[in-house]
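Participant: This is the structure I have questions about; it appears just below.
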């Protein structure tokens, strides 16, 4: 048997993420999916890729610039990773565009939905869109020429532009200019006929003579830049963290370019001009067929044509919570939680009638003395923010930790900070060197028998929009020891407490890594003592080398391990003598899998945990995270059923192989499809119609 080196035991993080995005792309390629849902997944694929270039490619380029040669656990240097990334991205983008141009657009045309080129419009359609240009677009455009006294314009991140080559009458040299495609106008413009669209940049290109009067327009070409969002910051020396993040946002908009997307029709002169002026390498240029900026396909995917979409899903209210909705004699959620813990599973269970109701009732309840909450991301016009502000107005002590370093939500979170502060809420921003990622909400209530703590601990953000798109779990409870732990955690977050021990909670970076290692060691011990060892872990990403190696130890001992990992997975399953007893699946479908669940057989005394942390170094060492044990037996049984449904999925589940590739499961002949999200929607509907016992 060939000995496997340590570096060969790990899958590269970046290629693993690209394989995840390949699975997202597959949802667009898969003709079994509804047509506009396929368009949506093509948009998500592009949006994901934008973020990948901003964060990961930007970070690798910064490492190369700093001459970092340190290898990843799989043995690759930053330079090797960049080379591999380019080859994979070229392949994936080619598949995406072939699907869009040769499959999806012709299929949409059969349903009288067309994305046309300006050159293919009828005379009447051209007149219609040209009038639209003159009235609604031309007044807001600003052509920017370059040349003596006219430096190359600063081009903002992810903006779409036209590069134009011009010539003055009788001049022997060429001039260059840039026109930004306005983002406050629809990208796909109707041509006067419903559901027939033309890209805005093509309309502008057809009317450039209005912008460059008296000039000969030789050619024009659309292009789009992606800038590095992995900007180095010195948080420890910052006097004002809020000011530091605001400054970073200003720098990020015009940070170094890491990718240039340009139409494949671009001439050498235009391409050379852009590469030179943007200070880029040729390896950063991606020449593409068809329209650029495909995240904008989401606008087409949102067309109100039900027959081309999935059947709408409306989250249900669980029987326990439905019992509170008697309009004549409304009951308190606090009375309910004194009797039982509640599991909420979004988007199957309604966020509005569970978590949001809990907070809104707390904001109005006269017995509630204090509310404490962590916010990582939340929605625009958020009802969560409104409820917290209302609680403060009602005289309650409200403390909120808003993580202003949440990537790409910094500007929104700074806005929430200022709004909350204006209503009297005590707001803190977290730690300079740690992100606060935990999803926790604590309510302190005075009752006849004394102070009682009620709480929610979850896996997802308090976000009223993504709760309908992401799958997340949460526990509503008033268990005393967990409530005391949360009090200690909030003192750690908002004050200077150096609390380093917890009764029940697993808290990163305090005790979480150590606890998970002990839990795996315990399964190894049970297996060696003749009692079956068993682990099931569900998370978004698995990257941590120490935990991966510990699971390899468990596999070698005979422990059976099932991992449900949506995205990055650096563990190689099925390696002989290393990971033969480990299986890994990924579920990609209608909803974004976001919940984290951990199960340990423990010699028959089963233990379940859920919370905010993935098994990644950043979660275990560089973030504040919280994971709670699940102590209610009925809830444990619910979670067991959820895991069982996922492990038995034969439609949306993908099996990871030890070479890093994935294969999507397919039902056997005459076997019924078992798609996780469909089954959980059916389950939620059935449960919502049940009556609560007693």
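Participant: Is it the case that residue 442 is crowded, with 22+ Cβ neighbours inside 10 Å and closer than 21 Å to residue 392 by Cα?
Facilitator: Answer is yes for this residue.
Participant: Filter region 203-246 down to the residues that are part of a helix (DSSP H, G or I) and either within 24 Å of residue 289 (Cβ to Cβ) or at pLDDT 80 or above (or both) and list them by number.
Facilitator: Answer for region 203-246, where residues must be part of a helix (DSSP H, G or I) and either within 24 Å of residue 289 (Cβ to Cβ) or at pLDDT 80 or above (or both): 203, 204, 205, 206, 208, 209, 210.
Participant: Is there any pair with a first residue in region 382-395 that is under 18 Å from residue 463 (Cα atoms) and a second that is at pLDDT below 95 and in a helix (DSSP H, G or I) whose Cβ atoms are under 7 Å apart and which are 6 or more apart or on different chains, and what are they?
Facilitator: So the pair list comes out as 385/416; 385/419; 385/420; 388/420; 389/420.
Participant: If a residue has to be more than 18 Å from residue 117 (Cβ to Cβ) and either part of a loop (DSSP other than H, G, I, E, B) or more than 30 Å from the chain's Cα centre (by Cα) (or both) to count, how many in region 159-194 make the cut?
Facilitator: 23
Participant: Specify the residue that is surrounded by the fewest Cβ atoms within 10 Å (Cβ to Cβ); the eligible residues are those in region 531-571 that are within 17 Å of residue 10 (Cβ to Cβ) and over 30 Å from the mean Cα position of the chain (by Cα).
Facilitator: Filtering region 531-571 for residues that are within 17 Å of residue 10 (Cβ to Cβ) and over 30 Å from the mean Cα position of the chain (by Cα), the one surrounded by the fewest Cβ atoms within 10 Å (Cβ to Cβ) comes out as 553.
Participant: Further question: Any residue that is part of a loop (DSSP other than H, G, I, E, B) and either under 16 Å from residue 258 (Cβ atoms) or touching a residue at least 60 places away in the same chain (Cβ under 8 Å) (or both) - is there at least one of those in region 57-67?
Facilitator: Within region 57-67, one or more residues are part of a loop (DSSP other than H, G, I, E, B) and either under 16 Å from residue 258 (Cβ atoms) or touching a residue at least 60 places away in the same chain (Cβ under 8 Å) (or both).
Participant: Which members of region 457-476 meet the condition of being part of a strand (DSSP E or B) and either modelled with pLDDT under 95 or crowded, with 23+ Cβ neighbours inside 10 Å (or both)?
Facilitator: Within region 457-476, 457, 458, 471, 472, 473, 474, 475, 476 qualify.
Participant: Step by step: first the residues of region 519-528, then only those that are touching a helix residue (DSSP H, G or I) at 6+ places or on another chain (Cβ under 8 Å) and farther than 12 Å from residue 551 by Cα, then the one that is surrounded by the fewest Cβ atoms within 10 Å (Cβ to Cβ). Which residue is that?
Facilitator: Ranking the candidates gives 528 first.
Participant: Looking only at region 488-501, decide whether some residue is surrounded by fewer than 24 Cβ atoms within 10 Å (Cβ to Cβ), part of a loop (DSSP other than H, G, I, E, B) and touching a residue at least 60 places away in the same chain (Cβ under 8 Å).
Facilitator: No.
Participant: Right, next: Specify which of the listed residues (342, 356, 337) is modelled with pLDDT of 95 or more, more than 24 Å from residue 498 (Cβ to Cβ) and out of contact with any helix residue (DSSP H, G or I) (no Cβ under 8 Å at 6 or more places or on another chain).
Facilitator: Result of the check over 342, 356, 337: 337.
Participant: Looking at (1) at pLDDT below 95; (2) within 30 Å of residue 636 (Cβ to Cβ), can you tell me which one residue 389 breaks?
Facilitator: (2)
Participant: May I ask you to list the residues in region 129-175 that are touching a helix residue (DSSP H, G or I) at 6+ places or on another chain (Cβ under 8 Å) and more than 27 Å from residue 229 (Cβ to Cβ)?
Facilitator: The answer is 129, 130, 132, 133, 134, 137, 138, 141, 164, 165, 174.
Participant: Based on this model, can you work out whether residue 574 counts as over 26 Å from the mean Cα position of the chain (by Cα), surrounded by fewer than 23 Cβ atoms within 10 Å (Cβ to Cβ) and under 29 Å from residue 14 (Cβ atoms)?
Facilitator: yes
Participant: Condition (residue is assigned to a helix (DSSP H, G or I), under 19 Å from residue 310 (Cβ atoms) and in contact with a helix residue (DSSP H, G or I) (Cβ under 7 Å, 6 or more places away or on another chain)) applied to region 651-661: is it met by at least one residue?
Facilitator: No, that holds for no residue.
The values are calculated or read from the model by the stated rules, or taken from the named source; none is laboratory data. Everything quoted here is computed from the prediction, not taken from an experiment. Cβ atoms come from the backbone with ideal geometry, glycine included; neighbour counts cover every protein chain shown.
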